Amino acid sequence: MERLWTGRVKHCLAALKGCKPRQTAQYSRRVTLKALPADCRPREKLLARGASALGDAELLALLLRSGLPGKNVLALAQELIDRFDGLAGLLRANLDELRAIKGLGPAKRAELAAVLELARRALSEPLRERPLFDNPQTVRQFLQLQIGDRPYEVFAVLFLDSQHRLIVLEEMFRGTLSQTSVYPREVVSRALSLGAAAVVLAHNHPSGSAQPSQADATLTQTLQSALALVDVRVLDHFVVTPVQALSMAEQGLM
């Protein structure tokens, strides 16, 4: 399917070579979707056939709206997707990474950041309405979006009510590339202030490996003991990377 959409983008770009001189001059100054043939315009296609009919580059082009002199907006969209190894990688890109890309001004960067935040909120909604582990895959995706791509280690806690619905996810501690310091007293205090009945722990591994370390197991046991004193259960501890969220409970490590 990816090759099909890439080929479709190339087809639309090739069609631009048939533009009249006046259109070509306009194209060289400011490339917009209007310069594309009617059957290649993402907006028109979306309205006629629905969003599912568009490829990733076409959907992204609708957000970008315009390209650069000599580079059509569809080409720019495909370049961004390729640079970040897919649409998911692009949506996880931070503002500094986006700022380094020619053609992405403040408005475009803000729009992409907004899309990421909407995706996070969309994933968090069912976690607030139903018990967290009714859909474990949603939990994993949510954590990957939240902390999976951080270049430094983050320790986060999902605070849950008595029915194991999400109250809030909070990033409690931040560290360096390879480690962070976690203070059990602060986790206990926050759980009490939120009235949490249970928690799910999560931290990322910037190295890209989701394999839990012995230090991870020891920290989990320490937090289990501290939270048990105030009747708060630790249900799981996830180790998160951009492509994986490993459950220590499923691995028999807690």
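Amide H to amide H under 5 Å from residue 172: which residues, 5+ apart in sequence or cross-chain, H placed 1.01 Å off N in plane? Residues meeting the criterion, in which the H sits 1.01 Å from N, are 155, 156, 157.
Between residue 115 and residue 215, the modelled label-to-label distance comes to 3.6 nm, taking each label 7 Å out from Cα in the direction of the beta carbon. Ranking of 234, 168, 199, 188 by neighbouring Cβ atoms within 10 Å, starting from the fewest: 168, 188, 234, 199. If you plug the beta carbon distance of residue 225 and residue 129 into 1/(1 + (r/R0)^6) with R0 = 51 Å, you get a FRET efficiency near 0.95. Look at 232, 73 and count the other Cβ atoms within 10 Å of each Cβ; fewest to most, that gives 232, 73. By the beta-carbon count within 10 Å of each Cβ, the least crowded to most crowded order of 153, 125, 79, fewest first, is 125, 79, 153. Computed from the alpha carbon positions, the gyration tensor of the stretch 120-246 leads to an equivalent ellipsoid with semi-axes of 21, 19, 12 Å, biggest first.
For the pair the stretch 239-254 / the stretch 130-173, the C-alpha centres are spaced 12 Å from each other. What you get for the stretch 34-122, charging only the Cβ of Lys and Arg (+1) and of Asp and Glu (-1), is a dipole of about 280 debye around the Cα centre.
No lab work stands behind these numbers, since they all come straight from the coordinates. All figures in this text were calculated on a predicted structure; none of them were measured in a lab. Glycine also receives a Cβ, built like all others from the backbone with ideal geometry; neighbour counts cover every protein chain displayed.
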